[in-house]
Amino acid sequence: MEKQSKEVMIDQTRLSIIQGDITKQVTDAIVNAANPGLMGGGGVDGAIHRGGGPAILEECKQIVAKQGHLPTGKAVITTGGNLRAKHVIHTVGPIWQGGNISEAALLESAYRESLKLAAEHNLTGVSFPSISTGAYGYPVAEASKVAIKAVVSFLRERVTSLKEVVFVLFDPGTYEAYSSALEEVV
């Protein structure tokens with residue numbers, strides 16, 4: 001099966017959408033849709049922890065011991081362990097509760113904080129999953145618009161080390177939602 005992909009240039013950064021497995025990405029950092037305790041879990045989070053091995057979990061334990069649970073919309077960075085990515089940026093997206101309790105703002109913050117952390121570490125490439133749309137229940141159509149808008153506005157409003165931002169989406173339906181959102185936003 002041929003991998004679907006779509007890309008646009010936002011200033012000096014290539015923004016791409018592909019269907020694939022985020023744990024296989026060769027990039028500076030992949031973003032983990034983490035839980036507040038940073039201890040791994042299901043979905044993308046579990047796959048990243050399994051693929052990266054114990055080094056990621058050890059760094060996550062140190063972060064939680066130092067600062068407590070990671071608040072929704074915030075991000076931290078660890079090693080990539082055994083992954084092909086050098087780093088993992090862990091962010092906590094909101095749990096969908098109908099859309100009236102700041103879910104969109106918190107989701108936007110998760111993307112922006114992840115991008116800020118990547119820029120602060122002078123990374124050139126970062127890959128995102130679809131944050132909050134699995135176990136946290138955020139509807140993919142709405143989440144994709146928030147995600148694309150957050151990334152595009154971040155890239156347009158500041159000079160950054162980032163040369164490539166990729167949304168790596170696991171299934172065809174999610175890929176299609178992000179593809180449509182990209183066409184709407186750009």
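No value in this document is a laboratory result; all are computed from the given coordinates. Keep in mind the model is a prediction, meaning the values are calculated, not measured. In this analysis, Cβ positions are derived from the backbone assuming ideal geometry, glycine residues included, and neighbour counts consider all displayed protein chains.
What is the chain's relative contact order, in percent, from Cα pairs under 8 angstrom and six or more apart in sequence?
For the chain, the relative contact order is 28 percent.
Most exposed first by the Cβ proxy, i.e. fewest other Cβ within 10 Å, how do Arg156, Arg84, Arg112 rank?
Arg156, Arg84, Arg112
Grab the Cα-Cα distance for Ala105 and Leu57, subtract it from 0.36 nm times how many residues apart they are, and report the gain in nm with one decimal.
Here the segment from Ala105 to Leu57 would lengthen by 14.5 nm.
List the GluC sites (Glu not before Pro) within the range 1-102 that fall in a DSSP loop (any state other than H, G, I, E or B) and whose Cβ has at most 14 other Cβ atoms within 10 Å.
For GluC sites (Glu not before Pro) across the range 1-102 that sit outside H, G, I, E and B with at most 14 neighbouring Cβ atoms in 10 Å, the list reads Glu2.
Would you mind checking the range 115-157 for residues with the amide N under 15 Å from a putative spin-label position 7 Å along Cα→C-beta of Asp21?
It comes to no residues whatsoever.
Can you give the Rg to Rh ratio of the range 5-185, both from alpha-carbon atoms, with Rh computed by the Kirkwood formula?
0.93
Of the beta bridges DSSP finds with both residues in the chain, what % are antiparallel, to the nearest 5?
Here the antiparallel bridges make up roughly 40 percent for the chain.
Please work out how much length the chain gains when fully extended from Lys66 to Lys86, using 0.36 nm per residue of separation minus the C-alpha to C-alpha distance, in nm with one decimal.
4.9 nm
Calculate, in nm to one decimal, what Thr79 and Ser5 gain on full extension: separation in residues at 0.36 nm each, minus their alpha carbon distance.
That pair, Thr79 and Ser5, stretches by 23.9 nm at full extension.
Kindly put Ile63, Ile95 in sequence by how many other C-beta atoms sit within 10 Å of each C-beta, fewest to most.
Ranking Ile63, Ile95 by Cβ neighbours within 10 Å, fewest first, gives Ile95, Ile63.
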